[in-house]
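Here is the structure we will look at.
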Amino acid sequence: MKIYVPADSSARSVGADEVAARLAELPYVELVRNGSRGLAWLEPLVEVETAQGRIAYGPVRASDLDSLISADFAHGGPHLLRLGNIEEHAWFVAQDRVTFARVGLIDPLSLDDFRAHGGYAGLTRALSMTGEEVVAEVTASGLRGRGGAGFPAGIKWKTVLNASADVKYIACNADEGDSGTFADRMLMEGDPFTLIEGMTIAAIAVGATHGVIYVRSEYPAAIETLRAAIATANLNGWLGDDIQGCGRAFDLEVRSGAGAYICGEETSMLESLEGRRGQVRAKPPLPALKGLYGKPTVINNVLTLASVPMVLADGAAAYQARGVERSRGTQVFQLAGNIARGGILELPFGVPLRELVEGFGGGTRSGRPIGAVQVGGPLGAYFGPDELDLITDYEAMLAAGGMLGHGGIVVFDDTMDAMEQARFAMEFCAVESCGKCTPCRIGSTRGVETIDRIRRGEDVEANRVLLDDLCELMTDGSLCALGGLTPLPVRIALKLAGAR
Amino acid sequence: MTFDAWSEGLAAAVLEPYRSDETMVLVALQALQARFGYVPAETVPMVAQVCNVSRADVHGVLTFYHELRTAPPARRVVRVCRSEACQSVGAREIEAAFAAAGHPLGSHSENLSVEAVYCFGNCALGPTVEIDGTMHGYCTDDIVTEALR
């Protein structure tokens, strides 16, 4: 009797391990620790394989197991927690799972399971193509960097392909540090072979022979899962000196960060990978030409690379057909914070913010009215409840004065203290600044102090002018997005505070 | 988590794989911390010598990364998420509850250290607190009692 209990970190944080341990004691149970289906509010979500398909129960606590067992849940018996087939759940049906197609469905470390569900079809096709052809396919798909900047992946790859060098690298940025984002973690924990496949395709496309995945240390389970998957891929000839007998070589290693948010900035990540302080480098030179160890390097986010296998397997046109305007394909939205139904939603670009937050998300967890929604992490803008009709694509978000970033959406209810959030944005910048440029290193601390003075009612008008000036200076004068974008949430939060 | 007591011989063995590789300074420091629970001050010149960089370089790396410790960890390490997603569901109240119990964020004693973390990626099920490496979601003030037990 196959029973699935997610080993996803989030599911474990609400008791999945206790549930799994109890179920493992039952003699008739074959336990599979899958990834999360992404309906976080239903975790731990237990699924049993029955003649009628996979039947889900959730959220299941260890204390529910006695009653579940008496209800014969292993055969899909009726119970208060019974949800039916989760793929028929309204939340799931409305999605378009492309990058996340296998997450939660399969045993993350089973290569057989991965292959049975379409895994390595993209790489198999890529192995029969030239590098130019693979790059052209990715370019035609319209895939843009999912890390936040939205730069077209194919164009970046083309630069690396055309660079002449003895060695080239693929570096995966898995330093997913933005609050409200967890899609990279879920993919690495739930379907690591997809990332490995995407990186291998990138390597074949540009002629790289070595790859590295830089994972933040706050994700120990992702690191462990990736390392195990890489070992399996090596054993089975999907990595190594001669991939599937095609004469192409690619090896892969996982490196752990050490608790520095700034290392999610690509040049800072390179510094860290080279063993130094994670201080940002000035650009140019572009990492595509002079990246890891000074060699041409493709740097992409986890979701970008994990979207590539599908682009190759189903063709660029299938991917390009999804989305709107210049935002093609799907976006993995992450609903977080004070939200009734949080988790992962993969949808084509262009869905209105309101549909995500109020429709799928069901409004706040606290039941109070929405106060504000922050999109795109700690450097992203806050949107008030009257601004939720905004369309979620890269350009529309920019035009509205925000950014889509990595697709993280954090909901606050109306008890949110906007001044406190403005202060926090500056404080966070001060804690995480790499220290290389003055506007960010010093400006952030001065920002905290100035906001504190405003909150105490000291010289409010003069300090507001000062803060505005400081924000302008940080925006224009910082070396990277940390100092450059911190003023964005600060200014908007101040405006929200003023409106109340 | 159990760690070995610091000794020069053990440290030398931990560092050997990184000989003459200046790009391995961070990895070497992480390996030392994994072995001893922290990076003993005595190992700084050893890392410098093995990796062929200056002691100042090693010190620079050691003090840059929030997770590298220069003193042994407390018997219990509690990490509280302070990021926006957790703030929206009460992380500040939990922070205040730790402070009220005499253990504000950033405090450190032999028995307990309480540290701030900026996101565990558990943002749909916050507030999140980690106790000795085990992550807890949906936390309330009760987590303080749990952490102090």
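Read-outs throughout are calculated quantities, based only on the coordinates presented, and are distinct from any laboratory measurement. Here the structure is a predicted model, which is why all the values come from computation and not from measurement. As a convention, Cβ positions derive from the backbone with ideal geometry for all residues, glycine included, and neighbour counts pool all protein chains shown.
Here are a few things to note about the model shown:
- If you go through the range A:156-178 and keep only what is charged (D, E, K, R) and either within 14 Å of another protein chain (Cβ to nearest Cβ) or not in a loop (DSSP other than H, G, I, E, B) (or both), you end up with A:K156, A:K158, A:D175, A:E176, A:D178.
- Entry remark, the range A:351-374: residues being within 13 Å of chain B (Cβ to nearest Cβ), over 12 Å from A:R341 (Cα atoms) and touching a Gly at 6+ places or on another chain (Cβ under 9 Å) number 5 in total.
- Residue in the range A:376-398 that is under 19 Å from A:A481 (Cβ atoms), in a helix (DSSP H, G or I), among the acidic types (D, E) and without any contact (Cβ under 8 Å) to a residue 60 or more places away in the chain present: no
- Considering (1) buried (at least 20 other Cβ atoms within 10 Å of the Cβ); (2) farther than 30 Å from A:G342 by Cα; (3) among the aliphatic types (A, V, I, L, M), the lone condition that B:V80 does not fulfil carries the number (2).
- A:V308 being of a type in the set (A, V, I, L, M), within 15 Å of A:A202 (Cα to Cα) and surrounded by 24 or more Cβ atoms within 10 Å (Cβ to Cβ): yes
- Selection status of A:A318, of a type in the set (A, V, I, L, M, F, W, C), away from chain B (no Cβ under 14 Å) and in a helix (DSSP H, G or I): yes
- Screening the candidates A:E197, A:E189 for the property of being part of a helix (DSSP H, G or I), touching a helix residue (DSSP H, G or I) at 6+ places or on another chain (Cβ under 9 Å), farther than 22 Å from B:F64 by Cα and within 14 Å of another protein chain (Cβ to nearest Cβ) yields one hit, A:E189.
- Those residues of the range A:5-19 which are surrounded by fewer than 24 Cβ atoms within 10 Å (Cβ to Cβ) and more than 10 Å from chain B (Cβ to nearest Cβ), in sequence order: A:A7, A:E18
- Breaking point among (1) surrounded by 24 or more Cβ atoms within 10 Å (Cβ to Cβ); (2) out of contact with any Gly (no Cβ under 7 Å at 6 or more places or on another chain); (3) part of a loop (DSSP other than H, G, I, E, B), for A:A149: (1)
- Considering only residues in the range B:18-47 that are small (G, A, S) and buried (at least 19 other Cβ atoms within 10 Å of the Cβ), the one that is nearest to the other protein chains (Cβ to nearest Cβ) turns out to be B:A28.
- Residues (within 9 Å of chain A (Cβ to nearest Cβ), outside any loop (DSSP other than H, G, I, E, B) and among the small types (G, A, S)) located in the range B:105-143: B:A116
- Qualifying residue in the range B:54-69 (condition: over 17 Å from B:F120 (Cβ atoms), more than 8 Å from every other protein chain (Cβ to nearest Cβ), of a type outside the set (V, I, T) and under 13 Å from the mean Cα position of the chain (by Cα)): yes
- The residue that is farthest from the other protein chains (Cβ to nearest Cβ), counting only those in the range A:261-286 that are under 22 Å from B:R55 (Cα atoms) and in a loop (DSSP other than H, G, I, E, B), is A:V280.
- A single entry from A:L226, A:L289 fulfils the requirement of being surrounded by 16 or more Cβ atoms within 10 Å (Cβ to Cβ), over 29 Å from A:S10 (Cβ atoms) and away from chain B (no Cβ under 14 Å): A:L289.
- Residues in the range A:228-260 that are part of a helix (DSSP H, G or I) and not aliphatic (A, V, I, L, M): A:T232, A:N234, A:Q244, A:G245.
- Candidate set: the range A:338-350, residues that are more than 11 Å from A:V410 (Cα to Cα) and in a loop (DSSP other than H, G, I, E, B); chosen: the one nearest to the other protein chains (Cβ to nearest Cβ): A:R341
- Residue check: A:A7 meets all listed conditions (1) in contact with a Lys or Arg (Cβ under 6 Å, 6 or more places away or on another chain); (2) over 19 Å from A:E189 (Cβ atoms) but one, namely (2).
- Identity of the residue in the range B:95-104, part of a loop (DSSP other than H, G, I, E, B) and not hydrophobic (A, V, I, L, M, F, W, C), that ends up nearest to the other protein chains (Cβ to nearest Cβ): B:P104
- Among the conditions (1) in contact (Cβ under 8 Å) with a residue 40 or more places away in the chain; (2) within 14 Å of another protein chain (Cβ to nearest Cβ), A:S307 misses just one, which is (2).
- Unique match (being buried (at least 18 other Cβ atoms within 10 Å of the Cβ) and of a type outside the set (F, W, Y)) among A:V98, A:V93: A:V98
- Residue within the range A:19-34 that is over 26 Å from A:L303 (Cβ atoms), of a type in the set (K, R) and either part of a loop (DSSP other than H, G, I, E, B) or in contact with a strand residue (DSSP E or B) (Cβ under 8 Å, 6 or more places away or on another chain) (or both) present: no
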